[in-house]
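Since every read-out is calculated from the coordinates, none of them should be taken as a lab result. Because the structure is a prediction, the values reported are computed rather than measured. Here Cβ is always computed from backbone atoms with ideal geometry, including for glycine, and neighbour counts include all displayed protein chains.
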Amino acid sequence: MTELKVRQKCEDMIAYGYVALQQFPKAEKHTLAADIKRSMFRLLELVIICNKKYYKKTTMQELDVELDVLRSYVRLAMMLKFLSFHKYEVWSGYLNEIGKMIGGWLKSLKD
């Protein structure tokens with residue numbers, strides 16, 4: 001059941017991210033914004049794959065790495081002033097929640 005909550009949180013984060021990415025400068029829409037979109041969808045894809053797989057360990061590690069990559073992209077967007085601090089805080093909140101859920105999921109696999 002945890003997987004479904006993680007999936008819903010990912011979808012909520014993508015919905016929020018899309019609105020935030022629309023406000024990026026035109027020059028960045030095909031570079032950093034595209035990388036962020038690709039990373040968000042890769043994260044969702046990995047959550048779905050982990051939910052369906054019997055052996056999840058390597059995919060879970062990929063999921064953890066992709067989450068870290070996405071966090072870096074979002075932080076970079078804020079540092080470059082493409083993203084307001086408030087939007088960064090909200091987006092980081094989503095990413096932290098997803099990270100906690102993934103951490104719990106990883107922990108349950110080790111037991």
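Electrostatic bookkeeping for residue 72 treats Lys and Arg as +1 and Asp and Glu as -1; over the other residues with beta carbon under 14 Å from its beta carbon, the sum is 0. Normalising the average separation of contacting C-alpha pairs (under 8 angstrom, six or more residues apart) by the number of residues puts the relative contact order of the chain at 37 percent. Taking the C-alpha atoms only, the angle from helix 85-110 to the longest principal axis of the chain is near 10 degrees.
Applying the Karplus relation 6.51 cos²θ - 1.76 cosθ + 1.60 with θ = phi - 60° to the stretch 21-26 yields 3J(HN,Hα) values of 6, 5, 8, 5, x, 4 Hz, where x marks Gly and Pro.
Chymotrypsin sites (Phe, Trp or Tyr not before Pro) within the stretch 1-57: which are DSSP loop residues with at most 10 other Cβ atoms inside 10 Å?
Qualifying residues, ordered by number: 54, 55.
With bins 10 Å wide beginning at 0, the percent of Cα pairs of the chain falling in each bin runs 14, 49, 26, 10, 1.
Once the Cα atoms are used to define both axes, helix 57-79 deviates from the longest principal axis of the chain by about 20 degrees.
Peptide packing: for 78-90, 59-71, the average count of neighbouring Cβ atoms within 10 Å per residue gives the ranking 59-71, 78-90, highest mean first.
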